[in-house]
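Notes follow the structure.
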Amino acid sequence: TALGGELLGARFALYSRIEDETMVGVGRWRVPEGFPDALSKKGSLCEQVVSEDSGGLHFIADFQQSPHAQKSPALRTFGLQAYLGHVVRSEGEATGCLCLFFDRPYEPSENDRRVLGILASGLGVEETRRRAEGRLRESEDRFRRLLEDTPHIAVQGYTPDGRINYWNKASEMVYGYTAEEAMGRDLTELILPPEQRDAFRRDIQQMAATGQPIPAGEFLPLRKDGSRVPVFSSHAVLRGQDGRLQLFCLDMDLTAHKQAEENRLEMERRLLHAQKLESLGVLAGGIAHDFNNLLTAILGNLELAMMDISEVSPARDSLLDARTATRRAADLTRQMLAYSGRGRFQIRSLNLSELVGEMAQLLKVSIGKTATLHLHLAPDLPRIQADVAQIQQVVMNLITNASEALGERVGSITVTTAVQDCTEADLAASRLAERVAPGRYVALVVTDTGCGMDESVQQRLFEPFFTTKFTGRGLGMSAVLGVVRGHRGAICVESAPGAGTTIRVLLPVTEPDVTAPTESRAEQEARARRSSAPAMVAGTVLLVDDEEPIRRVTERMLSRAGFGVISAPDGEEAVQLLRQHASSICCVLLDLTMPKMDGAATLTELRRVHSTVPVILASGYDQDELSQRMKGRGFAGFAQKPYQQETLIALVEQVCRQGK
């Protein structure tokens with residue numbers, strides 16, 4: 001601007017930047033004191049030059065007589081005679097005005113106009129450079145803030161020979177080194193495992209030579225403490241203003257992502273496992289139900305046949321053996337029902353340590369000769385409510401499974417009982433899909449030093465008839481799972497190949513003492529009457545069951561005991577029969593699982609016909625479960641299939657007696 005004033009003989013010159021309302025520049029002399037900065041304001045003379053932009057040049061020959069002098073009286077005091085201004089452009093945009101002020105009459109020549117245009121163009125170039133520098137500083141500042149403020153992306157800058165020249169805060173968090181510790185060190189030596197260093201150095205050299213970044217991918221570099229950290233690593237190649245290469249490595253910490261993925265996969269695995277067990281439970285329950293129906297007919301006919309033959313008959317021993325085998329088959333169905341969680345339990349209060357202690361001798365003879373059994377039984381253990389036979393089965397199956405894991409190798413089996421206050425986290429490890437509430441539990445822990453199991457075997461551990469030994473095995477661990485489910489407990493497994501196995505069964509602590517059921521007087525009377533002749537009709541029983549063999553054998557049982565029997569194959573016919581014989585029917589024996597109209601719906605309809613008739617529910621499923629399901633329906637009793645004649649007759653007699 002000073003040069004412009006000298007070349008054209010102006011009193012002084014200035015460059016007024018309109019965009020930020022800042023006036024800069026001097027002439028041959030200093031800008032006179034009191035010179036108004038209004039020339040850089042909106043609506044000023046300079047701003048008008050920019051807005052009119054008539055060829056870029058604006059000239060006022062008689063400044064004192066112009067409207068501008070009237071608007072800016074302060075300018076008149078300096079005796080200005082003429083004004084010449086030229087628009088300054090930067091990047092195609094008018095950014096200001098180069099202004100010359102004359103204190104004499106002045107008429108610009110063509111050369112004056114050309115010189116002023118050249119000076120304005122130079123100012124535009126300088127303005128463009130200034131803008132570019134500003135943008136560059138802003139970009140560098142933004143880039144620096146971006147690198148520093150990104151918490152999950154570790155950024156390392158390094159030279160083509162691998163020396164670190166930049167290390168952001170995220171790198172400190174991910175790798176454990178401070179910036180002071182990392183700067184100047186070899187990146188490959190600092191965070192790469194030894195087996196990857198040579199390959200990475202070659203990649204750096206190739207990246208520096210070609211300008212092509214190393215392909216991105218997942219890696220496991222080293223932290224300061226020697227541990228591995230999963231990262232997704234990508235690289236960038238930049239060239240500075242001085243032409244030198246700047247190499248950057250950007251590592252995204254995948255630790256949280258990997259953990260979330262593992263949690264998701266674990267949830268999916270548990271869900272699939274739960275669905276598989278649920279499907280197998282439904283299958284086992286269905287098979288057990290149908291099998292129970294067959295056993296009801298077989299066992300009933302065997303008991304009736306034994307009543308019809310003499311004590312010295314050669315066939316009696318065969319019938320006894322057949323009855324024993326049938327009852328063992330009934331035990332098998334109870335195991336299947338236990339797996340499905342629908343088995344029938346005879347609940348009583350028991351001390352788990354005492355129960356295992358009583359089984360000690362039996363447990364010792366059940367394990368292999370090379371195994372040593374250790375018992376660590378907690379004294380004064382809180383009592384639990386459980387079925388003694390079912391818990392004994394759990395203990396035996398766990399011991400048998402542990403013994404088989406040892407095989408012919410020398411090893412040990414340790415049985416431990418303890419009390420444990422379980423949190424949600426403790427119970428989350430249970431192999432059961434059903435979650436139980438946190439609280440106090442009694443723990444039965446069986447640990448062996450056997451072969452252990454990998455994850456695939458653990459996933460199938462509780463499937464019926466699954467085994468890693470020879471085929472043809474029983475329910476085993478699947479029955480254990482069902483018993484634990486039925487007792488509203490939890491079961492956890494810890495195992496690895498070659499590291500043995502620990503199975504922890506958790507059963508809830510309960511205080512009430514429920515004594516074992518004793519034989520009722522009615523049952524004793526029925527037992528005494530077993531071989532006697534049929535008595536007079538004690539009442540009529542409405543028998544409802546969709547299985548014909550069960551109806552036939554049950555009719556014979558009831559008839560032998562002196563009852564009249566009316567049978568129906570389904571609920572609809574049962575309702576009709578009750579309408580016809582309501583006055584003579586003393587009770588109804590109702591199967592719960594039937595087509596068309598099931599037991600629950602039939603019970604509702606029977607109540608509409610005869611609101612007070614006693615109804616005994618019959619099923620092969622668990623009495624406790626059915627009692628909850630039928631709660632409030634007003635049934636008089638429950639008959640477990642397969643029927644045993646004495647128990648069934650005692651129950652019917654008791655119900656009929658109470659109904660009178």
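Only the coordinates and a few stated rules stand behind these numbers; no lab work does. These numbers come from a predicted model, not from an experiment. Every residue, glycine among them, receives a Cβ derived from its backbone with ideal geometry; neighbour counts consider all protein chains shown.
In angstrom, the C-alpha Rg and Dmax of the stretch 157-253 are 12.7, 39.
Highest average first, the peptides 105-118, 168-181, 634-647 ordered by how many other beta carbon atoms sit within 10 Å of their residues are 634-647, 168-181, 105-118.
Computed as a quarter of the hull surface, the mean projected area of the alpha carbon convex hull for the stretch 359-498 stands at 8.6 nm². Rounded to two decimals, the Cα-based Rg/Rh of the stretch 408-450, with Kirkwood Rh, is 1.11.
Semi-axes of the equivalent ellipsoid for the stretch 365-412, computed as √(5λ) from the eigenvalues of its C-alpha gyration tensor and ordered from largest down, come to 25, 14, 7 Å. Per residue, the convex hull spanned by the alpha carbons of the stretch 173-223 comes to 97 Å³.
Each listed q (0.12, 0.16, 0.17 Å⁻¹) maps to a log10 I(q)/I(0) for the stretch 562-624, found by the Debye formula over equal Cα scatterers with no solvent: -0.27, -0.48, -0.54.
Please label the shape of the stretch 129-189 as rounded, prolate or oblate, based on the square roots a ≥ b ≥ c of the eigenvalues of the alpha-carbon gyration tensor (a/c under 1.5 means rounded; beyond that, a/b larger than b/c means prolate, else oblate). It comes out oblate by the Cα gyration axes.
Using only Cα coordinates, the Kirkwood hydrodynamic radius of the stretch 89-182 works out to 17.8 Å. Legend: calculated FRET efficiency, GLU262 to ASN111, from the Cβ-Cβ distance at R0 = 51 Å, rounded to 0.05, equals 0.05.
Most tightly packed first, judged by the mean number of other beta-carbon atoms within 10 Å of their residues, the peptides 424-435, 307-318, 127-138 read 424-435, 127-138, 307-318. Under the criterion of Cα pairs below 8 Å and six or more residues apart, the relative contact order for the stretch 116-250 equals 20 percent.
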